[in-house]
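Working notes, structure below.
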Amino acid sequence: MPGPAQPHIEPNKDRSARTQKSTGGVAALKAQRTPPADMNEREAMRAYYLTVRRDSEALAAPLAPEDMVVQTMPDVSPTKWHLAHTSWFFETFLLKPHARNYRPLNEKYDLLFNSYYQQVGPQWFRPHRGFLSRPTVAEVMDYRAYVDGAMLELMEEAGAALWQKLAVLITLGLNHEQQHQELICTDIKHVLAQNPLSPALYTPPAESTSAPALSWSEFGGGIYEIGRDMDPAGFSFDNEGPRHEILLRPFRLASRPVTNGEFRAFIEDGGYERAPLWLSDGWNAVSEGGWQAPAYWRRADDGSWHEFTLHGEVPLDENAPVTHISLYEAAAYAEWAGARLPLEAELEIAARGLPLEGNFLMPQRDGGAAPIIHPQAASAAGDGPQQLFGDVWEWTASSYSAYPGYRAPSGAIGEYNGKFMCNQMVLRGGSCATPHGHMRATYRNFFPAAARWQFSGLRLASDV
């Protein structure tokens with residue numbers, strides 16, 4: 001029996017021109033990185049889809065194929081894998097169930113590019129993703145084009161009833177892809193950092209201006225509501241809800257994240273050598289890993305500190321927020337400073353109502369400026385805490401667990417967040433590698449306490 005008709009795929013050059021025409025300038029690109037307010041506006045959803053998908057390819061554009069196949073530790077995935085997995089997501093959860101006559105480009109991609117969805121089928125062993133020389137980078141890009149062609153056809157042809165379901169899944173898939181854009185940045189940074197040539201993807205940014213002096217903002221205690229309920233008019237991940245009440249004591253938050261210069265003082269005071277400052281597991285990690293400074297810090301022959309960045313190795317910027325530290329290092333610094341880490345609820349309350357502005361990722365598009373994927377110093381001191389969004393993820397003292405009343409969605413999609421609610425700690429606020437338009441005050445990121453390859457820093461808190 002003959003196979004079903006295949007979707008029409010335009011050449012990459014033509015698709016790029018079509019994307020540029022539909023998305024417009026930088027302001028339009030910023031708007032189109034956020035889910036449309038009305039998901040029934042198909043043209044807006046189409047532009048949203050194209051913008052996010054092209055952003056992933058723009059991030060990979062400065063890389064050579066050799067860069068995109070390397071895996072330097074189990075937590076790191078090759079760039080090629082991220083580009084394929086995000087396409088597999090749309091193929092698995094939208095095209096196969098809902099596109100008439102859709103036929104996968106390669107049935108074996110289900111095994112290679114399924115991340116952890118047990119209800120979908122088996123997965124390739126995560127630490128061995130770097131073993132796969134095939135499919136090639138070119139074949140993965142063909143796979144992306146194939147999926148995009150089918151998705152555009154599905155978005156155009158779906159009836160009104162089906163569209164209501166598709167719009168929610170497309171929005172989830174694009175937010176999922178933005179998470180992988182951040183992972184592309186953090187993972188390729190780890191890959192390039194292992195190379196003694198210290199390769200740079202972008203021109204180094206100018207050194208930050210002086211960070212303002214640290215100050216404190218006080219917040220009253222009482223009963224607060226945090227989290228959010230699932231709202232079709234505004235996307236959120238399932239782990240951000242339900243909205244619920246929480247009781248807090250009065251607390252204070254520092255005006256900005258801890259800087260490199262402040263963290264260097266901790267190092268020079270023997271911070272990595274004083275066991276009483278550390279949690280027990282943290283001290284074990286320091287001892288076993290030989291940690292003496294944040295990840296990517298390098299001591300020069302003259303004793304000065306440098307830092308490896310996606311802009312190459314640069315002198316340590318004393319005014320920029322410290323980054324690539326584990327929860328253990330953040331907690332030890334807070335103990336040394338006579339403070340503590342904030343609760344995730346405290347950071348959410350402080351960020352509530354503030355504009356979602358900050359140093360976020362804007363991939364280079366259409367000849368625009370290259371991104372600065374590196375934390376920048378806080379601006380001149382103002383009222384209330386600064387940099388609650390962007391620059392660095394902020395570790396909290398809160399374990400990643402379900403909110404009261406939480407229920408994971410049914411089916412394989414329900415494996416997205418809920419099953420990881422164990423042995424993880426919450427981070428808040430986003431980073432310089434978090435895509436513009438992806439962040440919310442209720443957003444809950446989570447990693448194991450020892451993780452250091454993400455753009456993770458800290459903000460001090462204390463009781464009143």
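The values are calculated or read from the model by the stated rules, or taken from the named source; none is laboratory data. Just so it is clear, the structure is predicted and the values come from calculations on it, not from any experiment. A quick note on method: Cβ atoms are made from the backbone with ideal geometry, for glycine too, and the neighbour counts reach across all protein chains shown. When the accessible area is computed, the model is the full protein with side chains, heavy atoms only, and any ligands, DNA or RNA have been set aside. Shrake-Rupley method; radii C 1.70, N 1.55, O 1.52, S 1.80 Å.
If the Cβ limit is 9 Å and pairs must be 6+ apart or interchain, which residue in the stretch 389-409 that is on the phi > 0 side of the Ramachandran plot pairs with which residue that is in a strand (DSSP E or B) and open to solvent by 20 Å² or more (accessible area, probe 1.4 Å)? Taking only residues 6 or more apart or on different chains, the pairs are Gly390/Asn359; Asp391/Asn359; Gly405/His244. Might you check whether a residue that is of a type in the set (A, V, I, L, M) and open to solvent by less than 20 Å² (accessible area, probe 1.4 Å) occurs anywhere in the stretch 437-445? There is at least one residue in the stretch 437-445 that is of a type in the set (A, V, I, L, M) and open to solvent by less than 20 Å² (accessible area, probe 1.4 Å). Residues in the stretch 51-87 that are over 18 Å from Met155 (Cβ atoms), part of a helix (DSSP H, G or I) and among the hydrophobic types (A, V, I, L, M, F, W, C): Ala58, Leu59, Ala60, Met68, Val69, Trp81, Leu83, Ala84.
Determine whether Leu83 is closer than 19 Å to Ala60 by Cα, surrounded by 20 or more Cβ atoms within 10 Å (Cβ to Cβ) and not aromatic (Phe, Trp, Tyr). Yes; evaluated as a whole, the condition is true for this residue.
For Pro196, the conditions (1) open to solvent by 50 Å² or more (accessible area, probe 1.4 Å); (2) under 25 Å from His85 (Cα atoms) are fulfilled apart from (2).
Please determine whether any residue of the stretch 418-432 is free of Cβ contacts under 8 Å to residues at least 40 places away in the same chain, closer than 30 Å to Gly270 by Cβ and out of contact with any strand residue (DSSP E or B) (no Cβ under 6 Å at 6 or more places or on another chain). The answer is yes; a qualifying residue exists.
For the stretch 199-228, what are the residues that are open to solvent by 60 Å² or more (accessible area, probe 1.4 Å), of a type in the set (Ser, Thr, Tyr) and more than 30 Å from Pro74 (Cα to Cα)? Across the stretch 199-228, the qualifying residues are Thr209, Ser210.
Working only within the stretch 232-256, note down all residues that are under 21 Å from Gly429 (Cβ atoms) and charged (D, E, K, R).
Within the stretch 232-256, Asp238, Glu240, Arg243, Arg252, Arg256 qualify.
In this structure, Glu139 does not qualify as open to solvent by 40 Å² or more (accessible area, probe 1.4 Å), under 18 Å from Tyr102 (Cα atoms) and in a helix (DSSP H, G or I). Sub-7 Å Cβ pairs linking a first residue in the stretch 141-160 that is in contact (Cβ under 8 Å) with a residue 60 or more places away in the chain to a second residue that is of a type in the set (S, T, N, Q), at least 6 apart or interchain, are Arg144/Ser87; Ala145/Asn12; Val147/Ser87, ordered by first then second residue. At pLDDT 90 or above, open to solvent by 60 Å² or more (accessible area, probe 1.4 Å), assigned to a loop (DSSP other than H, G, I, E, B) and touching a strand residue (DSSP E or B) at 6+ places or on another chain (Cβ under 7 Å): which single residue out of Pro385, Pro404 fits that description? Checking each option against the conditions leaves just Pro404.
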